[in-house]
Amino acid sequence: MADPRQQLGFLDGLRGYASLWVVIGHAMFLTGYKVGLFAQPDLAVEVFIIISGFLMTYHYQLRESREPWDKVATWTIFWIRRFFRIAPLYYVCLALALWFGPELWQDRLDAAAIFPGGVEEQMRYADRYLDQSLTNILLHVTFIFGATWTHNFQTPLPDWSIGLEMQYYAFLPLLMLLVLKAGRLPTMLLVVAVMWAFGAWLQANGFVKGAFSMLPMKIHLFAAGMLIAMSLKAEGQAKWLYLISACAVVFVPLGGGRDSLHRAIKIGLVLVFFAFLYRDKLPQIAQMALGWLDWLLSNVVSRFFGDVSYGVYLIHLLVMLPVCAWLARMQPDLTPEPRFAAALGLTLAITYGLAYLAFRLIETPGIALGRRLAGGVAKPAPPLA
């Protein structure tokens, strides 16, 4: 099999276009123009989750020889890297969202006022924009908010998934330690089963509110990505067990997106992952099709979309809400189609410009700082041969 590192370029496009999908979905929601899957940005977030599960495990395995999983130093290095990847831009956006929360709330009401009953429908979201309490600030700064049912959906940002991601990072070293002790596939299936039971209990007892931000509600999707990466360590026909398991965990009935179409798309993503990783084993015509898809998802445009995807995800609502409010005030009689087109076009132009600046001025320096700090941690000694 070819080196998988040479076959992961397609992830740039997947991340980039998933973030664009989120923007389109929110524009549809705010302008009243909805078309099929584009109006379901939650599915795009689930694509992010599967990719995250894959990448974290892939890199864990790649560094296993020099960063053993059973060493605390390895965990520390991992957490430092991930914190400085996520936190710098998040903190900037969080500060803006909290400071301008009341203004953004008014924008949301103005955007909704053109629809019958629109303002009344929005009232359930008021706390997202108006809660400037110290409790809310501290829960978000520490990233604990995602593990709560009271503050997981309590800012103007779509940050419930950031809280979910940070829970996954906190849990991953322990999970990998269990994998080391009990084996990859048995551990993953056991963890999914236990989390399934815990998540069902949380939901049955009313602890799942606002968003599916608690790790048990989405761990099965992280696991799908993890199982894909773990297949690279499997021998021979055992790889098929990982493919079957990655598809099977998608069917865990937690966390939304449980209809047949959502599941079919997620299974399709799992199959595409496997096809890319093992493309040299496929028939020539399939290799040609994957080559074209690889180019589409890894060309210079797709790489740009991938680079700015995190910024686009965090920033877009801070732009879209004022844009939609301005359109509602200036052109209240616009029909949904042109309103959507205008809102999306203006939001994309501003958001991608800001996201590019954020990538260059905040994200890239933050990543570099995280690497320097992680480099200062005493590396664990590799295992003796």
(message) Ranking request for peptides 14-20, 181-187, 224-230, 240-246: highest mean number of other beta-carbon atoms within 10 Å first, then the rest in descending order.
(response) 224-230, 14-20, 240-246, 181-187
(message) Over the chain, with a Gaussian network built from C-alpha contacts below 10 Å, which listed residue (W21, W79, W292) shows the highest mean-square fluctuation?
(response) W292
(request) Can you figure out the FRET efficiency of E121 with Q284, using R₀ = 45 Å and their beta-carbon distance, to the nearest 0.05? (result) 0.25
(request) Return the lysines within reach of K181: Cα separation strictly under 27 angstrom, same-chain partners fewer than 8 residues apart disregarded; answer none if there are no such residues. (result) K71, K218, K233, K239, K379
(request) For the stretch 321-336 and the stretch 20-36, write down the distance between their C-alpha centroids in whole Å. (result) 15 Å
(request) Would you mind working out the magnitude of the charge dipole of the stretch 72-168 relative to its Cα centre, with +1 at each Lys and Arg C-beta and -1 at each Asp and Glu C-beta, to the nearest 20 Debye? (result) 520 debye
(request) Go ahead and run the numbers for FRET between Q106 and Q237, Cβ-Cβ distance against an R0 of 45 Å, rounding to 0.05. (result) 0.15
(message) Give me the percent of accessible area attributable to carbon and sulfur for the stretch 52-196, probe 1.4 angstrom.
(response) 69 percent
(message) Just to confirm, what accessible area per residue do you get for the stretch 187-331 at 1.4 Å probe, in whole Å²?
(response) 43 Å²
(message) Taking the solvent-accessible surface of protein heavy atoms with a 1.4 Å probe, what is the per residue accessible area of the stretch 5-68 in Å²?
(response) 35 Å²
(request) Let me have the relative contact order for the stretch 25-122, percent, based on Cα pairs under 8 Å that are six or more residues apart. (result) 18 percent
(message) In whole Hz and in residue order, list the ³J(HN,Hα) couplings for the stretch 338-353 that follow from phi through the Karplus curve 6.51 cos²θ - 1.76 cosθ + 1.60, θ = phi - 60°; x for Gly and Pro.
(response) x, 5, 4, 4, 5, 5, 5, x, 5, 5, 4, 4, 6, 5, 5, x
(message) If I take every Cα pair under 8 Å that is 6 or more residues apart in the stretch 211-350, average their sequence separation and divide by the length, what percent do I get for the relative contact order?
(response) 16 percent
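Relative contact order for the chain: what is it in percent, counting Cα pairs under 8 Å that are at least 6 residues apart?
It rounds to 33 percent for the chain.
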(message) Tell me the Rg and the Dmax, in Å, that the Cα atoms of the chain produce.
(response) 21.3, 74
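Let me have the 222 nm mean residue ellipticity of the chain computed from DSSP H runs of 4+ only, each contributing -39500 (n - 2.57), with the sum over all residues rounded to the nearest 500. Present the calculation step by step, with values, prior to reporting the outcome.
Values: 17 runs with 272 residues, N = 385.
Helix-only estimate at 222 nm: -23500 deg cm²/dmol.
The values are calculated or read from the model by the stated rules, or taken from the named source; none is laboratory data. Only a predicted model underlies this, so the values are computations on that prediction, with no experimental measurement involved. Quick reminder, even Gly has a Cβ in these numbers, built from the backbone with ideal geometry, and neighbours come from all protein chains shown. Keep in mind that these areas ignore ligands, DNA and RNA; they rest on the heavy atoms of the full protein, side chains included. Shrake-Rupley method; radii C 1.70, N 1.55, O 1.52, S 1.80 Å.
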